[in-house]
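The values are calculated or read from the model by the stated rules, or taken from the named source; none is laboratory data. Computed from a predicted structure; not experimentally measured. Quick reminder, even Gly has a Cβ in these numbers, built from the backbone with ideal geometry, and neighbours come from all protein chains shown. Side chains are part of the model used for accessible areas, which takes the heavy atoms of the whole protein and leaves out ligands, DNA and RNA. Shrake-Rupley method; radii C 1.70, N 1.55, O 1.52, S 1.80 Å.
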Amino acid sequence: MLNTSTFHPDYFHLTGIPGLEQSHLLLSIPFCIMYVIALLGNSILILVIGTNETLQQPMYLFLMMLASCDLLLSSSTVPKTLCIFWFNYHKISFNGCLVQTFFIHFSFGTESTILVSMAYDRYQAICHPLTYTTTLTGSLIKKMVLVFFLRNFCIITPFVFLLNRLPYEHSNVIEHTYCEHMSMARLATADILVNVVYGLIIAGFFSGGDLILIIISYVLIIRAVLRLRSSDARLKAFNTCVSHICVIVLFYSPAFFSFIAHRVGHKYVPLRVHILVANFYVLFPPMMNPIIYGVKTREIRSRVFHMFYGAFTRD
């Protein structure tokens, strides 16, 4: 159904994963399991860090922000995907699609800036340990959080207006499990050059820029670590960065694959592969991040153990 005054459809039809419609119910099992693990893991991480004064340090505060972002990213998409898989409910309103698009891209952008901040935190801790506590103060972290929010709000909000201005007079079928910028823009019956260019600018200057800053931080970190005389000290320093590096790889790899497939790879990458990878990047990193930090960070591991052990002994 089309609203003739604005040429916006009343709703979009999300197909799910094209070519795998018969497997939707089967696919829902790993999707649901990963989502539940992501919800539990990140919620526990937020609870443990937020309720322990000894963990009110920059590294853990950034980790708590990352967990909050993971919850927002996965919860913006997975519930609707499961509705498609379980109940065959494919409809999403036009405004609902815009809202989902905003939160997906906002979560991605915010998580990217948090990863940059965590790289800076590791740089200060390893390269300038004597001034670490005086540099990364609570006041500075609050200012950084405000900047993160404003930066990503300002660069993602134009996506909503760019999509809202377009007419959608023909198809309202989105071959995806959720709404996002380019999947909506490709359905428009007007020139989408502005959308394409703006998307490239955001990916290149902001997401790409964040990744470059992370790489620069780790080049400086590696150079500082290699100057340490003690092999034990070098191993300890590298070990503090392993978790962050794993999270970076998990986050950026599927995201950039999805970005490239949308723009230049749709002729070479099967659509079902593209959609599966797109779902991978909103599910797998949020599931794995708390596991990685829980296993690699002794303080978090011990706090989680004491929390559950205490609850068990009280019962």
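How much net charge surrounds residue 190 when only the other residues with a Cβ under 10 Å from the Cβ of residue 190 are counted, with Lys and Arg +1 and Asp and Glu -1?
Cβ neighbours under 10 Å give a net charge of -1.
Using a 1.4 Å probe and ignoring any ligands, DNA or RNA, find the accessible area of residue 234 and quote it in Å² to the nearest 10.
Surface accessible to solvent at residue 234 totals approximately 70 Å².
When the chain is fully extended, how far beyond the present Cα-Cα distance does residue 161 get from residue 13, taking 0.36 nm per residue of separation?
Result: 51.2 nm gained on full extension.
Rounded, prolate or oblate: which fits segment 1-78, taking a ≥ b ≥ c as square roots of the Cα gyration tensor eigenvalues, rounded meaning a/c under 1.5, else prolate when a/b beats b/c?
Oblate, since a/c reaches 1.5 and b/c is not below a/b.
Could you list which residues have their amide H under 5 Å from that of residue 11, counting only those 5 or more apart in sequence or on another chain, with H placed in the peptide plane?
94
State the percentage of accessible surface on segment 79-142 attributable to carbon and sulfur atoms; use a 1.4 Å probe and exclude ligands, DNA and RNA.
67
For segment 88-140 and segment 25-58, what is the separation of their C-alpha centers, rounded to whole Å?
Using only Cα atoms to place each centre, the spacing works out to 16 Å.
Given the protein chains as shown and a 1.4 Å probe, how many square angstrom of residue 303 are accessible, to the nearest 10?
90
Count the net charge of all other residues whose Cβ sits under 12 Å from the Cβ of residue 136, scoring Lys and Arg as +1 and Asp and Glu as -1.
+2
Just 279, 152, 239 to compare: in a GNM of the chain, with alpha carbon springs under 10 Å, which one fluctuates most?
Evaluated over the chain, the most mobile residue of the options is 239.
Per residue and in Å³, how big is the convex hull formed by the alpha-carbon atoms of the chain?
Roughly 159 Å³ of hull volume per residue.
Using a cut-off of 14 Å between beta-carbons, work out the net charge of the residues near residue 219 (Lys and Arg +1, Asp and Glu -1, residue 219 not included).
+3
Can you compute the charge dipole magnitude of segment 87-227 about its Cα centre, using +1 on each Lys and Arg Cβ and -1 on each Asp and Glu Cβ, nothing else charged? Give it in debye, rounded to the nearest 20.
For this selection, approximately 500 debye.
In Å and whole numbers, how far do the C-alpha atoms of segment 69-220 stretch along each principal axis, longest first?
62, 36, 26
Run through segment 99-196 and list the GluC sites (Glu not before Pro) located in a DSSP loop whose Cβ has at most 15 other Cβ atoms within 10 Å.
Filter output for segment 99-196: 169.
By how many degrees, between 0 and 90 and to the nearest 10, does the Cα long axis of helix 24-50 differ from the longest principal axis of the chain?
Once rounded, one gets 40 degrees.
Label-point separation (nm) for residue 20 and residue 302, each offset 7 Å from Cα along Cα-to-Cβ?
4.2
GNM, the chain, Cα, under 10 Å: largest mean-square fluctuation among 156, 215, 248?
Maximum fluctuation in the GNM of the chain, among the listed residues, is at 215.
Could you order peptides 23-30, 285-292 by the average number of other Cβ atoms within 10 Å of their residues, highest first?
285-292, 23-30
In Å², what does the accessible area per residue of the chain work out to with a 1.4 Å probe?
Here the per-residue accessible area is 50 Å².
Roughly to the nearest percent, how much of the accessible area of segment 153-227 is carbon and sulfur, given a 1.4 Å probe?
After summing per-atom areas, the C and S share lands at 71 percent.
So how long is each side of segment 155-298 along the principal axes, counting just the alpha-carbon atoms, biggest first, in Å?
In descending order, the Cα extents are 67, 29, 27 Å.
Which length gain, in nm to one decimal place, applies between residue 235 and residue 194 when the Cα-Cα distance is subtracted from 0.36 nm times their residue separation?
9.9 nm
Step through the residues of segment 116-129 one at a time and calculate ³J(HN,Hα) from phi using the Karplus curve (6.51 cos²θ - 1.76 cosθ + 1.60, θ = phi - 60°), rounding each to whole Hz and writing x for Gly and Pro.
5, 5, 5, 5, 5, 4, 5, 4, 5, 5, 8, 8, 9, x
Given Cβ point charges of +1 (Lys, Arg) and -1 (Asp, Glu) and nothing else, what value in debye, to the nearest 20, does the dipole of the chain about its Cα centre take?
920
Which residue fluctuates most in the GNM of the chain (Cα springs below 10 Å): 258, 93, 230?
230
Ranking request for peptides 189-195, 7-13: highest mean number of other beta-carbon atoms within 10 Å first, then the rest in descending order.
Highest mean packing first, the order is 7-13, 189-195.
Using DSSP to define loop residues, name the chymotrypsin sites (Phe, Trp or Tyr not before Pro) in segment 157-200 whose beta-carbon has at most 14 other beta-carbon atoms within 10 Å.
Filter output for segment 157-200: empty list.
Can you tell me the orientation of helix 58-75 relative to the chain, as the angle in degrees between its alpha-carbon axis and the longest Cα principal axis, to the nearest 10?
The angle comes out at about 20 degrees.
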